[in-house]
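One structure is given below, encoded as structure tokens.
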Amino acid sequence: MEGVDSINKRETGIQYEQVAAVFLQGRGYNILKQNYYCRYGEIDIIAQENGYTVFIEVKYRKNTMSGSPESAVNGIKRKHIRQAALDFLINSYGTEEIPCRFDIVAITGNQINLIKDAF
């Protein structure tokens, strides 16, 4: 059974993913999908921007006492995102030969930082 903390973290994550989606739309991104799940993991937001399919990881921290939000997107997390992105490309377009990139939306308190082509 899930604890209250994990439910609250999920609700907080969903809330900030929505904030990120609005932020990205304001910068010309066309949101294709949110919370894409497959056997390899999850991608928070998939969008199109300037001819690219963009896979976006959203990370939120109240403050930087436990590190920056983007520092939480470590090697293992990046690997899972890449595998999930490949799954999306194959299932959506029938090929992996689509121009794409990986961005991070890092939210600290009320500050939003977009890191394009983060990895």
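The values are calculated or read from the model by the stated rules, or taken from the named source; none is laboratory data. Please read all numbers here as calculations on a predicted model, not as lab measurements. Here the Cβ positions follow ideal geometry from the backbone for every residue, glycine too, while neighbour counts run over all protein chains shown. Heavy atoms of the whole protein, side chains included, go into the accessibility calculation; ligands, DNA and RNA do not. Shrake-Rupley method; radii C 1.70, N 1.55, O 1.52, S 1.80 Å.
Observations, loosely collected:
- Taking every DSSP beta bridge that has both ends in the chain, the antiparallel portion is near 65%.
- When the charge dipole of the chain is built from unit charges on Cβ atoms (+1 for Lys and Arg, -1 for Asp and Glu) and taken about the Cα centre, the candidate among LEU32, ASN113, ALA20 whose Cα reaches farthest toward its positive end is ASN113.
- Take the chain with all the other protein chains still there, run a 1.4 Å probe, and you get 60 Å² of accessible area per residue.
- Three-way shape label, segment 19-100, alpha-carbon gyration tensor, a/c 1.5: oblate
- Charge dipole (debye, nearest 20) of segment 16-69; +1 at Cβ of Lys and Arg, -1 at Cβ of Asp and Glu: 140 debye
- Label point at TYR52 placed 7 Å out along Cα→Cβ; residues across segment 84-117 whose backbone nitrogen lies under 16 Å: 85-86, 97-106, 113-117
- Rounded to the nearest Hz, the phi-derived 3J(HN,Hα) couplings of segment 14-27 under the Karplus curve 6.51 cos²θ - 1.76 cosθ + 1.60 (θ = phi - 60°) are 4, 4, 6, 5, 5, 4, 5, 4, 5, 4, 5, 4, x, 10, where x marks glycine and proline.
- Dipole magnitude (debye, nearest 20) for the chain, charges at Cβ of Lys, Arg, Asp, Glu: 240 debye
- To the nearest ten degrees, helix 75-93 and the longest principal axis of the Cα atoms of the chain are 40 degrees apart.
- Amide H partners (placed H, <5 Å) of CYS38, local residues excluded: none
- Share of carbon and sulfur in the accessible heavy-atom surface of the chain [1.4 Å probe, %]: 48 percent
- Within segment 21-67, percent of DSSP bridges classed antiparallel, to nearest 5: 100 percent
- Cα gyration tensor shape of segment 59-110, rounded if a/c is under 1.5, else prolate or oblate by comparing a/b with b/c: prolate
- If you sort THR53, THR95 by accessible surface, 1.4 Å probe, largest first, the order is THR95, THR53.
- Under 5 Å from the amide H of CYS100 lie the amide H atoms of THR53, each residue being 5 or more positions distant or on a separate chain, with H modelled from the backbone and absent for Pro and chain starts.
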